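Comments concern the structure below.
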Amino acid sequence: MNFFNNLSIKSKMTCIIMLTTCTALLLACAAFVAHELFTFYKNPSPELSTLADLTGKNCAVFLKFEQPDAAKETLAGLGGESRITAACIYKGGKIWARFDRGAQPEAFPDEPPAESHRFQGHSLLLFQPIRDSDSGEQIGTICLRSSLQQMYSRLRQYVGIVAAVLLVASIVALVISAKLQRVITGPLLQLSETAQIVSRNKDYSVRAQKHADDEVGALIESFNEMLAQIQKRDTELEEARVAADRANQAKGTFLSRMSHELRTPLNAIIGYSEMLQEELRDVGQVQFVPDLQKIHSAAHH
């Protein structure tokens with residue numbers, strides 16, 4: 001699952017489309033094969049039923065006149081049908097005549113069941129009553145044993161057809177999905193590329209291109225709106241910074257001018273104070289001598 005999560009959105013879209021298509025095809029083919037199997041088990045072979053009915057009618061006269069050898073010859077005529085491996089006729093609840101294709105006799109039930117069919121191993125047993133053509137009374141039962149190889153061969157053909165259809169459909173779905181997934185992945189990839197450009201260059205004036213009014217278009221529109229808000233805030237911050245720089249510059253200019261305006265009278269006062277100090281020293285009456293160095297330093301600052 002982590003591998004799928006780490007795939008690109010293009011690969012994810014392709015995988016999802018392929019998985020959906022193949023799953024739908026497999027379910028459809030499985031339903032088709034299941035229907036064929038269900039139909040076969042419910043009504044195994046109409047042709048086999050017809051063959052059993054014709055053979056039973058041909059053998060009815062032999063049952064009526066107790067001619068088992070003639071019935072065997074009639075059953076032996078079933079050898080022309082490759083799927084028929086054995087056949088027998090029941091009379092009085094016991095096997096009265098039979099035909100076996102191979103040297104090893106096939107197994108049959110000791111007593112015939114009612115008209116039905118059953119699967120035994122890899123064979124199908126079909127039981128049908130034999131009726132007197134005059135009275136319509138049941139005088140015997142015919143049983144045909146048919147090999148299921150024909151059904152298995154048909155199932156193998158179905159599996160081959162399913163595999164071929166699945167392969168062709170997968171290739172077609174892959175080609176179509178590679179083209180159609182661009183409708184979704186194209187705008188998303190362009191949006192991702194735009195986000196990378198904005199993140200790399202810090203350029204919030206870039207905008208993603210909107211292609212449609214769907215959910216992806218709404219996402220692109222929201223992304224552009226977010227970029228517009230960020231750009232607006234960035235512009236406001238830049239204007240505030242410029243205003244602050246101008247204020248600091250004005251403050252520095254004001255202080256410089258004030259310092260110059262204050263130094264001019266202070267220099268005169270300091271000079272006059274130094275003259276008075278010199279005169280007082282000369283006459284020896286110095287009582288208070290200000291710290292002219294500190295006053296001079298303060299005047300320059």
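The values are calculated or read from the model by the stated rules, or taken from the named source; none is laboratory data. Values in this document were obtained by computation on a predicted structure and should not be read as measured data. As a convention, Cβ positions derive from the backbone with ideal geometry for all residues, glycine included, and neighbour counts pool all protein chains shown. Heads up: the accessible areas ignore ligands, DNA and RNA and are worked out on the full protein's heavy atoms, side chains in. Shrake-Rupley method; radii C 1.70, N 1.55, O 1.52, S 1.80 Å.
Pick from SER11, SER82: which is hydroxyl-bearing (Ser, Thr, Tyr), open to solvent by 80 Å² or more (accessible area, probe 1.4 Å) and either in a helix (DSSP H, G or I) or touching a Ser or Thr at 6+ places or on another chain (Cβ under 9 Å) (or both)?
Numbers: SER11 fails: open to solvent by 80 Å² or more (accessible area, probe 1.4 Å).
So the residue among SER11, SER82 that is hydroxyl-bearing (Ser, Thr, Tyr), open to solvent by 80 Å² or more (accessible area, probe 1.4 Å) and either in a helix (DSSP H, G or I) or touching a Ser or Thr at 6+ places or on another chain (Cβ under 9 Å) (or both) is SER82.
Please state which one of GLU66, GLU115 is on the phi > 0 side of the Ramachandran plot and open to solvent by 80 Å² or more (accessible area, probe 1.4 Å). Break it down into steps so the answer makes sense when it comes.
Values: GLU115 fails: on the phi > 0 side of the Ramachandran plot.
Result of the check over GLU66, GLU115: GLU66.
Of these, ARG246, ARG263, which one is at pLDDT 70 or above, surrounded by 10 or more Cβ atoms within 10 Å (Cβ to Cβ), assigned to a helix (DSSP H, G or I) and out of contact with any strand residue (DSSP E or B) (no Cβ under 6 Å at 6 or more places or on another chain)?
Working: ARG263 fails: at pLDDT 70 or above.
Result: ARG246 is the single residue among ARG246, ARG263 that is at pLDDT 70 or above, surrounded by 10 or more Cβ atoms within 10 Å (Cβ to Cβ), assigned to a helix (DSSP H, G or I) and out of contact with any strand residue (DSSP E or B) (no Cβ under 6 Å at 6 or more places or on another chain).
Quick check on my filter: what residues within the stretch 120-138 are buried (at least 18 other Cβ atoms within 10 Å of the Cβ) and touching a helix residue (DSSP H, G or I) at 6+ places or on another chain (Cβ under 8 Å)?
Scanning the stretch 120-138 gives LEU124, LEU126, GLN128, ILE130.
Mind listing whichever residues of the stretch 78-115 are over 20 Å from ALA60 (Cβ atoms) and hydroxyl-bearing (Ser, Thr, Tyr)?
Correct list: SER82, THR85.
Applying the selection to the stretch 14-31, what residues are exposed (fewer than 13 other Cβ atoms within 10 Å of the Cβ) and either under 20 Å from VAL175 (Cβ atoms) or touching a residue at least 40 places away in the same chain (Cβ under 8 Å) (or both)?
LEU19, THR20, THR23, ALA24, LEU26, listed by residue number.
Are there any pairs, at least 6 apart or on different chains, whose C-beta atoms fall under 7 Å, with the first in the stretch 92-111 and open to solvent by 100 Å² or more (accessible area, probe 1.4 Å) and the second part of a loop (DSSP other than H, G, I, E, B), and if so, which?
GLU111/GLY93
If you go through the stretch 209-243 one residue at a time, how many are open to solvent by less than 60 Å² (accessible area, probe 1.4 Å) and either more than 17 Å from VAL198 (Cβ to Cβ) or in contact with a strand residue (DSSP E or B) (Cβ under 8 Å, 6 or more places away or on another chain) (or both)?
Residues flagged as open to solvent by less than 60 Å² (accessible area, probe 1.4 Å) and either more than 17 Å from VAL198 (Cβ to Cβ) or in contact with a strand residue (DSSP E or B) (Cβ under 8 Å, 6 or more places away or on another chain) (or both) within the stretch 209-243 amount to 7.
Results for (1) within 12 Å of THR21 (Cα to Cα); (2) open to solvent by 40 Å² or more (accessible area, probe 1.4 Å); (3) in contact with a Leu (Cβ under 8 Å, 6 or more places away or on another chain), shown as yes or no for each residue.
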| site | (1), (2), (3) |
| --- | --- |
| VAL159 | no, yes, no |
| ALA164 | no, yes, no |
| ILE171 | yes, yes, no |
| SER177 | yes, no, no |
| ARG182 | no, yes, no |
| PRO187 | no, no, no |
| SER199 | no, yes, no |
